[in-house]
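Let me begin by presenting the structure, written as structure tokens, before commenting on it.
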Amino acid sequence: MSTAVAEKFAEQLARAHAAVATPLPGVAFCELAEQVLAVLFPERAIRPLGGADAVAATLHQLQAELAGLLALVPGLPEVPTTLAASLFEGLPLLRAALLQDAAATLAADPAAQGMPEIINSYPGFYATAMHRLAHALHQRGVPRLPRMLSEHAHRQTGIDIHPGARIGPSFCIDHGTGIVIGETAQIGAHVQFYQGVTLGALSVAKHMQGLKRHPTIEDYVVIYANATILGGNTVIGTRSVIGGNVWLTESVPSHSRVYHRAQLRMARQDDPEGELMFVI
């Protein structure tokens, strides 16, 4: 790069840097969210806290740190201290909801050895926990930080949940890698997802911003691996089962069973000893 080009490029970058008054504290915010989870669930902590006084002091400190980080966010809809206090007042309900999610996973997964294992190591539980935190911020109109939190969980787990998605109680994600849940998706209670499930939009266009573009999943639905369900008007009825690799763009009624039918054809039938080839 020549000197003249380098100087011009540096000037362009300087203007871009000057336009950002204060960078959002994304890394610090995600680290704080991790600390909150470690207080709510000692299974995730480096070491458990010693007694109620230590827990109360830690929560008070984290709330103050959150208020400080929120003060750096332009366009905040509330006073940072008020917003932080409101979010921390919701922690008992958040913990109760996440315990329901963990219990649903334990009931559904025969490989699970107990609640501590799920809370400590299951990516589905972690992604759901981060989503419930991000969704609480999203509901209060906090800009950008909810998405930073959801993308942090996405990097850690491969599970991509937009903070605007509405997810009911006792949500279970088994395995989880590759799951995508769009912004306007609505998921009921006692729903179970396997890896690779997509709740997406039929089309992607900017003029659809603000419209319901993603499906509604009613209560007690199971969706198996790599199923794709698209469209804001698509509703999966209560107690339905959606099989693996299914592609759905229309609603199905309650108690439905939707499966992808594989066609199996055996080659070389004239030579029983020969190599078998299956086309599915």
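The values are calculated or read from the model by the stated rules, or taken from the named source; none is laboratory data. Note that the structure is predicted; figures quoted are calculated from it, not measured. As a convention, Cβ positions derive from the backbone with ideal geometry for all residues, glycine included, and neighbour counts pool all protein chains shown.
Does Val204 satisfy being assigned to a loop (DSSP other than H, G, I, E, B), touching a helix residue (DSSP H, G or I) at 6+ places or on another chain (Cβ under 9 Å) and of a type in the set (A, V, I, L, M)? Considered against the rule, which asks whether it is assigned to a loop (DSSP other than H, G, I, E, B), touching a helix residue (DSSP H, G or I) at 6+ places or on another chain (Cβ under 9 Å) and of a type in the set (A, V, I, L, M), Val204 comes out as no. Considering only residues in the range 38-90 that are among the aliphatic types (A, V, I, L, M) and touching a Phe, Trp or Tyr at 6+ places or on another chain (Cβ under 8 Å), the one that is modelled with the lowest pLDDT turns out to be Leu69.
Can Ser170 be described as crowded, with 19+ Cβ neighbours inside 10 Å, within 19 Å of Leu98 (Cβ to Cβ) and outside the structural domain of Glu250 (by TED's automatic domain parsing)? Considered against the rule, which asks whether it is crowded, with 19+ Cβ neighbours inside 10 Å, within 19 Å of Leu98 (Cβ to Cβ) and outside the structural domain of Glu250 (by TED's automatic domain parsing), Ser170 comes out as no. Contact map, the range 98-109: residues that are among the β-branched types (Val, Ile, Thr) paired with residues that are modelled with pLDDT under 95 and assigned to a helix (DSSP H, G or I), Cβ distance under 8 Å, separation 6+ or inter-chain. No pairs are found.
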